[in-house]
Amino acid sequence: MEKQKWEGKELDKDIIGNGDLYSPETCIFVSPKLNSCVINLKKPDVVSRGNRFHARCSNPVTGKREHLGYFSNKDQAVKVWFSRKRQIIIELLTDEGFAKPKEVAEKLMLGGSGADGSTSRQSEIGQLMQVMAVQAAKQLQVDMNVQK
């Protein structure tokens, strides 16, 4: 962790950790855009409008709130919201040089949605993401050495 590029970045404990502990093994420096996107996974932007549900998504890439549509039930609106958030996270992970951005995004989405909420599942996700982040950090270190 000490060798990661940190200038202009924020310390994140959710991507490779389980979100509970700040330590060299569970944290990584990421852009403010990626960090805010990951933090907001626990709160789908879905609001009730009469008998419909309005899904909206803040996009840190464009800096705008996107209208995703009106839906007849909350579950549909939440699914669309998570789908769009996943796309944005993949884009941000790719921009930051993460190895396997789609897999990392999937694990983040599973953890964020609380699909089964079990501690063992969250631990398994955290372990897998930690391995992926270590791979990404090693690749970034190689890239930085090549640039020198």
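The values are calculated or read from the model by the stated rules, or taken from the named source; none is laboratory data. Just so it is clear, the structure is predicted and the values come from calculations on it, not from any experiment. Positions of Cβ are generated from backbone atoms using ideal geometry, with glycine treated the same way; all protein chains shown enter the neighbour counts.
Taking Leu68, is it under 22 Å from Leu110 (Cα atoms), aliphatic (A, V, I, L, M) and free of Cβ contacts under 8 Å to residues at least 60 places away in the same chain? Working first, answer last.
Working: under 22 Å from Leu110 (Cα atoms): yes; aliphatic (A, V, I, L, M): yes; free of Cβ contacts under 8 Å to residues at least 60 places away in the same chain: yes.
When the stated conditions are applied, Leu68 passes them.
Identify all residues within the stretch 10-52 that are among the β-branched types (Val, Ile, Thr) and loosely packed, with under 14 Cβ neighbours inside 10 Å; write none if there are none.
Answer for the stretch 10-52, where residues must be among the β-branched types (Val, Ile, Thr) and loosely packed, with under 14 Cβ neighbours inside 10 Å: just Val47.
Name every residue in the stretch 26-57 that is outside any loop (DSSP other than H, G, I, E, B) and either under 15 Å from Glu96 (Cβ atoms) or of a type in the set (Ser, Thr, Tyr) (or both), in order of residue number. Let's see the steps before the verdict.
Quick first cut of the stretch 26-57, residues outside any loop (DSSP other than H, G, I, E, B) only: 28-30, 32-42, 46-49, 52-57.
Listed by number, the residues that qualify are Ile28, Phe29, Val30, Pro32, Lys33, Leu34, Asn35, Ser36, Cys37, Val38, Ser48.
Being modelled with pLDDT under 90 and on the phi < 0 side of the Ramachandran plot: is that true of Gly114 here? Don't jump to the end; show me each part of the working.
Details: modelled with pLDDT under 90: yes; on the phi < 0 side of the Ramachandran plot: no.
No, not satisfied.
Among all residue pairs at least 6 apart or on different chains, which show Cβ distances below 7 Å where the first residue, located in the stretch 1-22, is over 20 Å from Met109 (Cβ atoms) and the second is modelled with pLDDT under 75?
These pairs meet every condition: Lys3/Gln141; Gln4/Ala137.
Specify the residue that is farthest from Asn51 (Cα to Cα); the eligible residues are those in the stretch 71-81 that are out of contact with any Phe, Trp or Tyr (no Cβ under 7 Å at 6 or more places or on another chain) and surrounded by fewer than 17 Cβ atoms within 10 Å (Cβ to Cβ).
Lys79
Considering only residues that are among the acidic types (Asp, Glu) and under 12 Å from the mean Cα position of the chain (by Cα), look in the stretch 11-55 and name the one that is farthest from Arg86 (Cα to Cα).
Of the residues in the stretch 11-55, the ones among the acidic types (Asp, Glu) are 12, 14, 20, 25, 45.
Then keep just the ones that are under 12 Å from the mean Cα position of the chain (by Cα); that gives 12, 14.
Details: Asp12: 18, Asp14: 15 Å.
So, considering only residues that are among the acidic types (Asp, Glu) and under 12 Å from the mean Cα position of the chain (by Cα), the one farthest from Arg86 (Cα to Cα) is Asp12.
What about Ile16, is it β-branched (Val, Ile, Thr), at pLDDT below 85 and in a loop (DSSP other than H, G, I, E, B)? Give the derivation first.
Details: β-branched (Val, Ile, Thr): yes; at pLDDT below 85: yes; in a loop (DSSP other than H, G, I, E, B): yes.
In short, yes.
Just give me the residues in the stretch 59-81 being within 13 Å of the chain's Cα centre (by Cα) and part of a strand (DSSP E or B), in sequence order.
Selection gives Asn59 alone.
Taking into account only those residues within the stretch 60-70 that are under 26 Å from Val30 (Cα atoms) and surrounded by fewer than 11 Cβ atoms within 10 Å (Cβ to Cβ), which is modelled with the highest pLDDT?
Of the residues in the stretch 60-70, the ones under 26 Å from Val30 (Cα atoms) are 60-66.
With surrounded by fewer than 11 Cβ atoms within 10 Å (Cβ to Cβ) added as a condition, the list becomes 62-64.
On the way: Thr62: 90, Gly63: 89, Lys64: 93.
Once the filter is applied, the top-ranked residue is Lys64.
Checking the condition in contact (Cβ under 8 Å) with a residue 40 or more places away in the chain and in contact with a helix residue (DSSP H, G or I) (Cβ under 6 Å, 6 or more places away or on another chain), which residue from Cys57, Cys37 passes?
Values: Cys57 fails: in contact (Cβ under 8 Å) with a residue 40 or more places away in the chain.
None of the others qualify; the one that does is Cys37.
Mind checking which pairs have a first residue in the stretch 91-119 that is of a type outside the set (A, V, I, L, M) and a second that is modelled with pLDDT of 75 or more and loosely packed, with under 15 Cβ neighbours inside 10 Å, Cβ under 8 Å, 6 or more apart or different chains?
Glu91/Val61; Pro101/Thr94
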